[in-house]
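Student: Sharing a structure below in structure tokens format, with a few things to ask.
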Amino acid sequence: GVRRLSGAGRTAAAFVAGLLTGLAVAGAQAGPDAPRWTEAAALSAPRTYAQAALLANGRILVEGGIDRDAPGVVASHSELFDPRTGRATPVGTADPGRLWQTLTVMPNDIALSVGGVVRGPNGGWTAQAVAAAYDPWSGRYVHVRQPTYPRSDHGATVLHDGRLMVVGGHDGPRFVRAVELYDPRTDRWSVAAPLPALTRR
């Protein structure tokens, strides 16, 4: 579900994409102004290992993940949580449904998800060379070019020049050294220098 954190006269919306884990500091006691969690909204379906990103229109996009009670079902539909109304509404699909992908808001306001794994027919998980882009202003997914290398558990960050750098990750048991750059102005991927090989001393 979605929970809201409030306290000290401030209110912030927070999305919980999986199991909430509370961190208690030994000996600490909550004061009257201590932040506290309250129920804000419910998502349309249970999901864990999902990704969430704050969009330019103030809503939170929730994408991917699985139902922990039905681990063979990967969520392909996404949802939007609006902190102003406290409502979560289903939106389009990011096919294929994935987990362990990255979800990054680009300088052009597009939320770009890259990579991740899908559940195969044999029950195993397979890394994907896939990208999906959500446009917050049209409220739908739009087509973008696909990356070259399948990967999951990777990193992604926006560079100063507006390109997205996607680094590392896994493809099954193999570590991915490949680095790719996505330019939203040209909708093109390019391959950068790979990560250096690790050497043991």
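Student: Just to be sure I understand the model, the point goes 7 Å from the Cα along the line to the Cβ. What's the resulting ASN57 to ARG188 distance in nm?
Tutor: Between ASN57 and ARG188, the simple spin-label model gives 3.1 nm.
Student: If Rh is defined by the Kirkwood formula over all Cα pairs and Rg also comes from Cα, what ratio Rg/Rh do you get for the range 50-201?
Tutor: Here the Rg-to-Rh quotient is 0.99.
Student: Ignoring ligands, DNA and RNA, please state the percent of accessible area on the range 93-142 from carbon and sulfur, probe 1.4 Å.
Tutor: 51 percent
The values are calculated or read from the model by the stated rules, or taken from the named source; none is laboratory data. This is a predicted model, so every value here is computed, not measured. Note that we place each Cβ from the backbone using ideal geometry, even for glycine, and neighbour counts take in every protein chain shown. When the accessible area is computed, the model is the full protein with side chains, heavy atoms only, and any ligands, DNA or RNA have been set aside. Shrake-Rupley method; radii C 1.70, N 1.55, O 1.52, S 1.80 Å.
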